[in-house]
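K.L.:
First the structure, then my questions, so here it is.
Please treat every number below as a calculation from the coordinates, not as lab data. Every value quoted in this text rests on a predicted model; they were computed, and no experiment measured them. Please note: Cβ atoms are built from the backbone with ideal geometry, for glycine as well, and neighbour counts cover all protein chains shown.
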Amino acid sequence: MKKLFTFIFILLLTNCNAQKKDTVTHKYTNNLVNETSPYLLQHAHNPVNWNAWNSNTLESAKESNKLIIISVGYAACHWCHVMEHESFEDEAVAQVMNSNFINIKVDREERPDIDQVYMNAVQLLTGRGGWPMNVIALPDGRPV
């Protein structure tokens, strides 16, 4: 009987906890909140106004005639997490980026085609490359 009571108690406790919803509020939320990539979602609450790579974002850059910052990384990249913490979570850095650039975050595992274009450019310009990779591009996407 004691085991049955314990089982029912644990079952009820589990159900009560499962029905609670975590209502976490974030100070910032950007367009990456609608993405499915774990890497992009990791940046969804940065103060940087991140956008995913898509035709709407590229068109916005052209219409606003702003340079683009393209930041490429992936979820398992240690230095990508370090860069996020040291730069992309910083409000002062975000203010400069948001005021002067269209900011695009790319998951290299989901978009190896985009990664390859900008990695080629970085390697031609610097002789080496790696992640995180950040490139400044013209409003039409051509790397500077």
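K.L.:
What FRET efficiency would be calculated for the residue pair His26, Trp79, taking the C-beta separation as r and a Förster radius of 35 Å, to the nearest 0.05?
P.N.:
Details: r = 24 Å, r/R0 = 0.68.
Computed FRET efficiency for His26 and Trp79: 0.90.
K.L.:
Could you tell me what fraction of 2.2 N^0.38 Å the Cα radius of gyration of region 28-137 comes to, as a two-decimal ratio?
P.N.:
So region 28-137 has a normalised radius of gyration of 0.99.
K.L.:
Using each residue's phi in region 79-89, evaluate 6.51 cos²θ - 1.76 cosθ + 1.60 at θ = phi - 60° and report the 3J(HN,Hα) Karplus result to the nearest Hz, with x for Gly and Pro.
P.N.:
5, 5, 5, 4, 4, 4, 5, 7, 10, 6, 8
K.L.:
Under a Cβ-only charge scheme (Lys and Arg +1, Asp and Glu -1), can you give me the dipole magnitude of region 28-137 about the Cα centre, in debye to the nearest 20? Provide the component values of the computation, followed by the final result.
P.N.:
Details: 6 positive and 13 negative charges, 62 e Å.
Computed charge dipole of region 28-137: roughly 300 debye.
K.L.:
Applying the Karplus parametrisation 6.51 cos²θ - 1.76 cosθ + 1.60 with θ = phi - 60° to the phi angles of region 127-144, what ³J(HN,Hα) value in whole Hz is obtained for each residue in order, glycine and proline being reported as x?
P.N.:
x, 7, x, x, 10, x, 10, 10, 10, 9, 10, 5, x, 8, x, 6, x, 8
K.L.:
Rank the residues Tyr118, Tyr74 as a footprinting-exposure proxy: fewest other Cβ atoms within 10 Å of their Cβ go first.
P.N.:
The fewest-first ordering by Cβ neighbours comes to Tyr74, Tyr118.
K.L.:
Tell me which trypsin sites (Lys or Arg not before Pro) from region 23-78 have a DSSP coil assignment and no more than 10 other beta carbons within 10 Å of their own.
P.N.:
Details: sites: Lys27, Lys62, Lys66; in loops: Lys27, Lys66.
In loop regions of region 23-78 (DSSP not H, G, I, E or B), the sparsely surrounded trypsin sites (Lys or Arg not before Pro) are Lys27.
K.L.:
Ok, one more. Name the residue farthest towards the positive end of the dipole of region 28-137 from the options Thr57, Val122, Val82, assuming +1 on Cβ of Lys and Arg, -1 on Cβ of Asp and Glu, about the Cα centre.
P.N.:
Result: Val122, furthest along the dipole toward the positive end.
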